[in-house]
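One structure below.
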Amino acid sequence: MEPLRKTLSIHTSPHIASGADVARIMRHVIYALLPVCGFAIYAFGWAALLTLVVAVVVCWLSEVLFCRLLRKPATLADGSVTITGILFALTLPPGLPLWMTVVGAFAAVGLGKFLFGGLAANVFNPALVGRAFLQAAFPGAMTTWSPVLAADRFSQIPSSLLAAPFMQPNYDTVSSASPLALLKFEHTPTPLGDLFLGTTAGSLGETSSLIILLGGAYLIARGMMSWRIPAGILVAVAVVGGISYVADSERFGSPLFMLFSGGLMLGAMFMATDPVSSPVTHRGCFVYGLLIGLVVVVIRNWGGLAEGVMYAILFANAVSPHIDNWLQPLPFGRKPGHGRERGS
Amino acid sequence: MAHKPINIPVVTAEPVDTDVFIKGLWRQNPIFVQVLGMCPTLAVTNSAINALTMGLATLFVLVMSCGLVSLLRRVIPHHGRIAGFVLIVATFVTIADYAIQAVSLEVHKALGAFVSLIVVNCIILGRIEAFAAKNDLKPAVLDALGMGLGFAAALLVLGGVRELLGSGSIFGARLFGESFAPWVVMLLPSGGFLVLGVLVLGVAWLKTGQAEESK
């Protein structure tokens, strides 16, 4: 008797797999981030390279440590923690002591990722949790900006970088203010061309809007990132920033200044789009983006801080499950208002 | 008609004296396990000396009032017992308040209203209502001692970590010299939440390990 041949396999959806797994998406995000890292190293020299290497290595080590400690399957190889390390480093001011980078990278992986259960369970973007921790612990060092394109950036390592653990850094150059701080506290706008190309003071990876936009465009073209989140952020910043500029152009920056200054582009393209901590529905992504943009402008214009991208994204991270819940799409065939289960 | 004594002594589930004493130190630690008394825990642990003072004051009030309530448990009417307990606690809080003022006015200022607020500390009312009002003097005092020491030790750990990172010192003695970079957040309330959370996590993790080993 011929054995029963299995011609029909029955299982639930999804039936078509795109072949995109965590490792593949993360690899493409790393490709998109490489030019940003390259420009950071070009603009800030050894300081940028050392900060990047230290942040990534500490993130790797923390990942291995926590995976062992919590007896979880090792997730080092999928690249997600590498991205956390790179993104975290890119948000740091050049010249930050390396020991603070170590503390922040450990906090990013420990507090940001594994406290909530590891990969795909984190409520907040781990890189931003690490940065928020440093901002709260060392507000002075986190807002001291070294000048961009310094002549000696490749000939010597800034002494502030090598401060002994637990000790205050000694800055050997006169620090310069970031464009946002210049506008907020000294009412001096920075030329848009400098902002776009990245020849201004700022965090390692946030200065060049051009290169960040190219990286974001690559990811969107590859279908690795939802375009709705950055679109929502940019639209909200342009509109709300535009209204406030029209209302008081002396005090507030122009919409274009808002868009290209500070960490907005880096945040919009690479931080807010973290697939774990952002909404999953299409409409939800757009609402989430709009919310981030609104909070950014509110903090920049009326808050005590010069920059608000980090807190805006962390805030929206916390809200994103509720946005998903609110904007749940109807299952196929179900009529609106008919036995719809909401937030059960 | 005389009030019926409601607080009839009951046989407790934990008759062993050592266990009555020890459970508050670790297994039922009021801060790390029961998560009670969070108000002073978060508010005054920004330095080791403040934390220790608060811990010792609470220990004193806890032991004295648990002892007195245990002695008076047949006299205090059931319906008015909370008022009676608070009156007893408030008496000892006043003593502790004056004692702290006499020893160090500086620490008293740093603790502010939180010494007076020991009156409404839920650990104290909790131990009185749940234990001292139903037990003899000896177990009541032992229970209060264990809980009070557990509370004081937890506060000291919290205050020590926060002072070490936030000011670079322990009990005011600078450990890192003048160029220490303070972790500003540790002295702020958010640092209290952060350190407390990590410590609660650590204790829970250790306890899980212990439970697995004893299986």
Net charge around B:VAL107, counting only other residues with Cβ within less than 15 Å of its Cβ (Lys, Arg = +1; Asp, Glu = -1)? -2
Scale the Cα Rg of the stretch A:104-148 by the rule-of-thumb value 2.2 N^0.38 Å and send over the ratio, two decimals. 1.30
Each residue of the stretch B:35-49 in order: what ³J(HN,Hα) in whole Hz does its phi give by Karplus 6.51 cos²θ - 1.76 cosθ + 1.60, θ = phi - 60°, with x for Gly and Pro? 6, 10, x, 5, 4, x, 4, 7, 7, 10, 9, 7, 8, 5, 5
Of A:GLY223, A:GLY110, A:GLY232, which is the most mobile in a GNM of chain A whose springs link Cα atoms less than 10 angstrom apart? A:GLY223
Starting from the Cα gyration tensor of chain B, take the square roots of the eigenvalues, sort them a ≥ b ≥ c, and report rounded, prolate or oblate (rounded when a/c is under 1.5, otherwise prolate if a/b is larger than b/c, else oblate). oblate
Net charge (Lys, Arg +1; Asp, Glu -1) of residues whose beta-carbon lies under 11 Å from that of B:MET147, B:MET147 excluded, is +1
Dividing the alpha-carbon radius of gyration of the stretch A:22-175 by 2.2 N^0.38 Å (N being the number of residues), what value is obtained? 1.04
Share of pairwise Cα separations in the stretch A:177-326, more than 27 Å, in percent: 18 percent
Leaving out same-chain residues fewer than 8 places away, which aspartates and glutamates sit with a Cα under 20 Å from that of A:LYS113? A:ASP21, A:GLU63, A:ASP78, A:ASP274
Highest GNM mean-square fluctuation, chain A, Cα pairs closer than 10 Å: which of A:ARG153, A:ARG283, A:ARG68? A:ARG68
Report, to the nearest 10°, how far helix A:209-221 tilts away from the longest principal axis of the Cα atoms in chain A, using its own Cα long axis and a range of 0 to 90°. 10 degrees
Given all pairs of distinct Cα atoms, chain A yields a Kirkwood Rh in Å of 21.2 Å
Translational diffusion coefficient, Stokes-Einstein: compute it for the stretch B:25-96 using the Kirkwood radius over C-alpha pairs as Rh, at 37 °C and 0.692 mPa s, and state it as an integer in µm² s⁻¹. 240 µm²/s
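Using the per-residue mean of other Cβ atoms lying within 10 Å as a proxy for protection, in what order, highest first, do the peptides A:30-41, A:82-93, A:284-295, B:43-54 fall?
So the order, starting with the most tightly packed, is A:82-93, A:284-295, B:43-54, A:30-41.
Tally Lys/Arg at +1 and Asp/Glu at -1 over every other residue whose Cβ is under 12 Å from the Cβ of A:ARG251; what's the total?
Surrounding charge for A:ARG251 is 0.
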Among the listed pairs A:LYS72/B:LYS23; B:LYS23/B:LYS215; A:LYS72/B:LYS207, those beyond 22 Å (Cα-Cα): A:LYS72/B:LYS23
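Only the coordinates and a few stated rules stand behind these numbers; no lab work does. As the structure is a computational prediction, the values presented were derived from the model and not from experiment. As a convention, Cβ positions derive from the backbone with ideal geometry for all residues, glycine included, and neighbour counts pool all protein chains shown.
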